[in-house]
Amino acid sequence: MKTFNYGKDELQALDLYQPKEWNGKTLVLIHGGGWWQGDKGKEKEVATGLAIEGYQVAALNYRLATQAKNLFPTQDEDVEAAYTWLLKNIPDFKADNIAFIGGSTGGHLAAYLGLTKGRPFVSLSGLLDLKGFYENHKETIPKQLIIAPDLPSKKIDQAGANDSYYKWIIENLLASINDDSLEKASIFF
């Protein structure tokens with residue numbers, strides 16, 4: 001594994017996993033964490049396993065939405081910048097052999113990239129329709145949930161919805177809560 005910076009911020013980094021025998025396919029793996037926590041290192045085991053299966057894998061970090069900094073659309077801009085950097089700087093990264101994958105927020109960002117770039121994507125438990133969720137949970141009281149930053153994604157209990165936390169995530173991500181901002185942050189097919 002090699003780490004590269006695709007931007008000036010320390011969080012604008014990616015880990016590149018190269019297989020011994022490349023199958024010609026590349027995966028961009030995006031970590032979850034509610035847009036405000038998490039790290040590409042959470043995906044090390046998954047990325048390593050995919051590389052063993054022959055995939056070239058880029059596990060991305062992005063700037064996190066914390067304390068009213070790096071609000072939407074910062075994360076969309078970061079994953080797009082990482083994708084562009086990969087195409088320009090890593091010879092085997094070609095637009096026609098890339099797919100995007102992520103869980104939770106990473107799934108949302110994978111869907112964003114897949115739809116905007118016209119490439120396949122897998123969203124594992126991604127909250128895609130922020131506007132619909134918010135409209136259907138007006139009475140829900142938002143509550144922050146802190147997960148250990150080094151906890152591998154597969155060990156996070158995602159067995160059910162946590163509406164209070166999802167509402168907190170949305171309110172933390174957006175500078176203002178209105179139909180326009182909620183719609184822009186949502187993924188629609």
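Read-outs: derived from the displayed coordinates by stated rules, not from any lab. All figures in this text were calculated on a predicted structure; none of them were measured in a lab. Note that each Cβ is placed from the backbone with ideal geometry, even for glycine, and that neighbours are counted across all protein chains shown.
Which of the aspartates and glutamates could be linked to residue 184 by a straight reach, that is with a Cα gap under 17 Å, when you skip same-chain ones fewer than 8 residues away?
The reachable aspartates and glutamates, counting only those whose Cα sits under 17 Å from residue 184, are 76, 77, 78, 80, 129, 135, 171.
Please give me the summed charge of the neighbours of residue 78: other residues whose Cβ is under 9 Å from its Cβ, Lys and Arg +1, Asp and Glu -1. Please report the intermediate quantities before stating the final value.
Values: positive: 63; negative: 9, 76, 77, 80.
My count for the surroundings of residue 78 gives -3.
For residue 95 and residue 128 in the same chain, what is the full-extension length gain: residue separation times 0.36 nm, less their Cα-Cα distance, in nm? Can you show the working numbers first?
On the way: separation 33, 0.36 × 33 = 11.88 nm, distance 2.37 nm.
Gain on extension, residue 95 to residue 128, equals 9.5 nm.
Classify region 18-75 as rounded, prolate or oblate from the Cα gyration tensor: take a ≥ b ≥ c as the square roots of its eigenvalues, call it rounded if a/c is under 1.5, otherwise prolate when a/b beats b/c and oblate if not. Can you show the working numbers first?
On the way: a/c = 4.70, a/b = 2.69, b/c = 1.74.
Here region 18-75 falls in the prolate category.
Calculate the FRET efficiency for residue 146 and residue 180 from the Cβ-Cβ distance with a Förster distance of 22 Å, rounded to the nearest 0.05.
Numbers: r = 30 Å, r/R0 = 1.35.
Efficiency, rounded to the nearest 0.05: 0.15.
222 nm [θ] for the chain, helices only, -39500 (n - 2.57) per DSSP H run of 4+, per residue, to 500? Walk me through the numbers on the way to the answer.
On the way: 6 runs with 62 residues, N = 189.
Value at 222 nm, helices only, nearest 500: -9500 deg cm²/dmol.
At 25 °C and a viscosity of 0.890 mPa s, what translational diffusion coefficient does Stokes-Einstein give for region 1-130, taking Rh as the Kirkwood radius over Cα pairs? Give it in µm²/s as a whole number.
Values: Rh = 14.3 Å.
D = 172 µm²/s.
Which entries of 2/155; 117/143; 42/138; 69/138; 44/88 have Cα-Cα distances beyond 29 Å here? The partial results should precede the final answer.
Values: 2/155 24 Å; 117/143 34 Å; 42/138 32 Å; 69/138 25 Å; 44/88 24 Å.
Flagged as over cut-off: 117/143; 42/138.
Hey, can you rank 2-11, 23-32 by average C-beta count inside 10 Å, highest first? Write down the numbers at each step before the final one.
Numbers: 2-11: 13.3, 23-32: 22.0.
Highest to lowest by the protection proxy: 23-32, 2-11.
Given the Cα-Cα distance of residue 8 and residue 25 and 0.36 nm per residue of separation, how much length would full extension add, in nm?
Working: separation 17, 0.36 × 17 = 6.12 nm, distance 2.81 nm.
Additional length available on full extension: 3.3 nm.
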